[in-house]
Protein chains: 2
Amino acid sequence: MATAVAPANIAFIKYWGMRDPEHILPYNSSISMNLDACLTTTTVLFDPALDTDEITLTWYQQVPHPATGRPRERVGAHLDRLRQLAGVDTRARVTSQNNFPADAGIASSAAGFAALTLATAAALNLDLDTTTLSRLARRSGSGSACRSIPDGFVEWYNGNDQKSIAVTIAPPEHWDLADIVAVVDMQPKKIGSAENHRLASTSPYFGTRLYEVQQRLDTVRQAIAQRDLTLLGTMIEADTISMHVVCMTQTPPSIYWDSGTLAVMHAIRAWRDEGLESYFTMDAGANVHVICAASDQHDVQQRLERLSAVQFTLVNRPGPGARLIPETS
Amino acid sequence: MATAVAPANIAFIKYWGMRDPEHILPYNSSISMNLDACLTTTTVLFDPALDTDEITLTWYQQVPHPATGRPRERVGAHLDRLRQLAGVDTRARVTSQNNFPADAGIASSAAGFAALTLATAAALNLDLDTTTLSRLARRSGSGSACRSIPDGFVEWYNGNDQKSIAVTIAPPEHWDLADIVAVVDMQPKKIGSAENHRLASTSPYFGTRLYEVQQRLDTVRQAIAQRDLTLLGTMIEADTISMHVVCMTQTPPSIYWDSGTLAVMHAIRAWRDEGLESYFTMDAGANVHVICAASDQHDVQQRLERLSAVQFTLVNRPGPGARLIPETS
């Protein structure tokens, strides 16, 4: 038995489009920051008395429920992957809970599968390094889960199954940024990101995006190394627009932005004109991650919460990756 | 002295990006529908007693005001263009009024410069055919004004100065469509379309857009000929997204969409899922043109007006192009 906690992460350069659905390989490398306050906690207990895996999920502000359908299949398949590695066949009892809204563009599946990977490996007494854990987390199907394994600022490399791993490019304490998630829409997404990862290449703009991303990756690495918020911010806004442009121009088109998304985007641009520097980025959902210096966090958060489009905010700083929680009993 | 009335037009395939700023030549052909209810009425009187052109504009729901700055220059330059053609030097008194909100993505400058072109030509006793009038209207600087000269459904050809004219591809009575303009935002645009026409080619997606547009033009012509609303609607939504994608990815980015724009876009998609067929298209502004069969106009309009994001609606059918109004005195 083991318990792990893993963070959600916000991508500065997005993973969008899956090149190899069997090995969950992306078309491009991506860069993200792990969040210190949006966490999934997962306990895995292997019990020879079980006939089948028992998986219980607790969504944000909801009662626990048994996993069914596709989520159940995905967790079961990931348990199988790790059981095979350990050479065991025992079934497991899995309980997992989020402290933030799921399915709203806050990378809940990344946090979930990172925590599941680490807890399962520990419960099976597999002694795996971070690189191997990130590769396994990627194979879960939620590719960006690999970025929730190492600490702080993370790059997930494009490459073959061996090379496509996630590594820390700067520790959390390197740069005192804030990510304030402006929650504007609590409805579940109509189109899951998994489906859109398959549709991305139907966009006539997808090739151009891939070309641009190569240059943006270099610039974002440099912006992080030099703690250059203006450079980082310009890149992350361009990248999120580029990703959503791919969604909106694929067949059939998918529009994740909602009215609240646009309200926050325009507010941030107006505040920048007034001298308050923050930048927007949206993952596959309507909610807006607002990146700013930690020193401006209070001001930005207050302004966001005064917008009628914003239901509430979640404040994050750069945080560590997945880690085990010692047993207290 | 002569008075002309000219319609705004809604582009199904957008004019976006200016290839030749001197001759106002576009990068691509475009297709539009003239609107029967969004009109500009312009009177031009040449008076030898005048030392300078006197230009009075009456915006929607505002008192008349003398034109100043850039609008005054543009009208004066267009009067010069026609004076030169007629070989006269007399100054003119110009009065122009809109019956719809200006500068809100409803092609007010297209209607205005089409009416100005026709009224001025008539006041100067120039006997010009529709082709020549459309070429002159294009040269006004508001290129899409040329599409407000001929009747009904119109194509503006890409080409050199002689060939880049607008022609009717179907008369107004060919297809009983409705264009319901959902006005969500009455603020003037922050960035005029003239500036963005120059910036369009800085978008890395602009080349892809131009490639796509060639195919969409063929399909839209076919959809109009066959009165195929589903085909037309699919194309116009793809084209407006493509145009706004160019804006959002140019340097610097320009985001015309507002929260109300997204609210209407999502509502229209949801109504389609319920079986009510309508399609969105936005010109260079936040307001949404909703295209549907005239038989669904009442239903669509009622639903739009129930959305909190919609301030009011303007209903249009396909209409004639610019025409002279006989003197009643």
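Summary of values
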{"quantity": "Three-way shape label, the range A:255-323, alpha-carbon gyration tensor, a/c 1.5", "calculated": "oblate"}
{"quantity": "Per-selection metrics, the range A:1-131 (Cα): Rg and Dmax in Å", "calculated": "14.9, 45"}
{"quantity": "Ascending list, in nanometres, of distances separating the A:GLY192 label from those of the other copies (7 Å, Cα toward Cβ)", "calculated": "5.1"}
{"quantity": "Förster-model FRET efficiency, 25 Å R0, A:GLN215 and A:ASP20, C-beta, rounded to 0.05", "calculated": "0.60"}
{"quantity": "Sum of side-chain charges, A:VAL290 neighbourhood, beta-carbon under 12 Å (Lys, Arg +1; Asp, Glu -1)", "calculated": "-3"}
{"quantity": "Of A:ASN99, A:ASN196, A:ASN34, the one that fluctuates the most in a GNM where chain A has Cα springs shorter than 10 Å", "calculated": "A:ASN99"}
{"quantity": "Among A:LEU124, A:ILE24, A:TRP257 the positive-end extreme of the charge dipole of chain A (Cβ point charges)", "calculated": "A:ILE24"}
{"quantity": "Residues A:ASP273 and B:ASP127, FRET efficiency given R0 of 51 Å [Cβ-Cβ distance, rounded to 0.05]", "calculated": "0.50"}
{"quantity": "Degrees, to the nearest 10: B:130-139 long Cα axis against longest axis of chain B", "calculated": "90"}
{"quantity": "Whole-Hz couplings from phi, Karplus 6.51/-1.76/1.60, listed for the range A:193-209; x for Gly and Pro", "calculated": "5, 4, 5, 5, 4, 7, 7, 3, 6, 7, 6, x, 8, 4, x, 5, 4"}
{"quantity": "Stretch gain in nm, segment A:GLN226-A:ASN99, where the contour uses 0.36 nm per residue and the Cα spacing is subtracted", "calculated": "42.5 nm"}
{"quantity": "Unit charges on C-beta of K, R, D, E only; dipole of the protein assembly as shown, Debye", "calculated": "600"}
{"quantity": "Accessible area of the protein assembly as shown divided out per residue, in Å², using a probe of 1.4 angstrom", "calculated": "39"}
{"quantity": "B:ASP89/B:ASP161 FRET efficiency (R0 22 Å; Cβ-Cβ; nearest 0.05)", "calculated": "0.35"}
{"quantity": "Fraction of the pair-distance distribution of the protein assembly as shown above 49 Å, Cα-Cα pairs, percent", "calculated": "24"}
{"quantity": "Label geometry 7 Å along the beta-carbon vector: B:ALA77 inter-copy distances in nm", "calculated": "6.0"}
{"quantity": "Rg/Rh for the range A:109-193, where both radii come from Cα atoms and Rh is the Kirkwood radius", "calculated": "1.03"}
{"quantity": "Debye, to nearest 20: dipole size of the range B:137-226, +1 on Lys, Arg Cβ, -1 on Asp, Glu Cβ", "calculated": "440"}
{"quantity": "Position A:ALA270, label points 7 Å along Cα→Cβ, spacing to each other copy in nm (shortest first, one decimal)", "calculated": "2.5"}
{"quantity": "Environment charge of B:LEU133, counting only residues whose C-beta is closer than 13 Å and scoring Lys/Arg +1, Asp/Glu -1", "calculated": "+3"}
{"quantity": "GNM flexibility winner over chain A from A:GLY233, A:GLY76, A:GLY192 (Cα, springs under 10 Å)", "calculated": "A:GLY192"}
{"quantity": "For chain A, the spread of Cα positions along each principal axis, largest first, Å", "calculated": "63, 41, 38"}
{"quantity": "Cβ-based net charge around B:VAL44, under 12 Å, with every Lys or Arg adding one and every Asp or Glu removing one", "calculated": "0"}
{"quantity": "Residue-averaged [θ]222 nm for chain A, counting only DSSP H segments that reach four residues, each worth -39500 (n - 2.57)", "calculated": "-11500 deg cm²/dmol"}
{"quantity": "Helix axis angle, A:297-306 relative to chain A longest principal axis, alpha carbon, degrees", "calculated": "80"}
{"quantity": "Cα gyration tensor, the range B:176-316 - rounded (a/c under 1.5), prolate or oblate", "calculated": "oblate"}
{"quantity": "1.4 Å probe, heavy atoms, protein only - residues of the range A:248-273 losing at least 10 Å² accessible area vs chain alone", "calculated": "A:MET248, A:THR249, A:PRO253, A:ILE255, A:TRP257, A:ASP258, A:SER259, A:LEU262, A:ALA263, A:MET265, A:HIS266, A:ARG269"}
{"quantity": "Residue of A:ALA225, A:ALA102, A:ALA238 that the Gaussian network model of chain A assigns the largest fluctuation, springs spanning Cα pairs under 10 Å", "calculated": "A:ALA225"}
{"quantity": "With Cα atoms, 0 to 90° folded angle of helix A:229-249 axis to chain A main axis", "calculated": "70"}
{"quantity": "Signed unit charges on C-beta, dipole axis of chain B, positive-most listed residue B:PRO71, B:ALA225, B:ILE325", "calculated": "B:PRO71"}
{"quantity": "Dipole magnitude (debye, nearest 20) for chain A, charges at Cβ of Lys, Arg, Asp, Glu", "calculated": "560"}
{"quantity": "Segment B:VAL63-B:ARG323, length gained on full extension (0.36 nm per residue, minus Cα span)", "calculated": "91.1 nm"}
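The values are calculated or read from the model by the stated rules, or taken from the named source; none is laboratory data. All values derive from a computational prediction rather than experimental measurement. Note that each Cβ is placed from the backbone with ideal geometry, even for glycine, and that neighbours are counted across all protein chains shown. Side chains included, ligands, DNA and RNA excluded: accessible areas come from the protein's heavy atoms. Shrake-Rupley method; radii C 1.70, N 1.55, O 1.52, S 1.80 Å.
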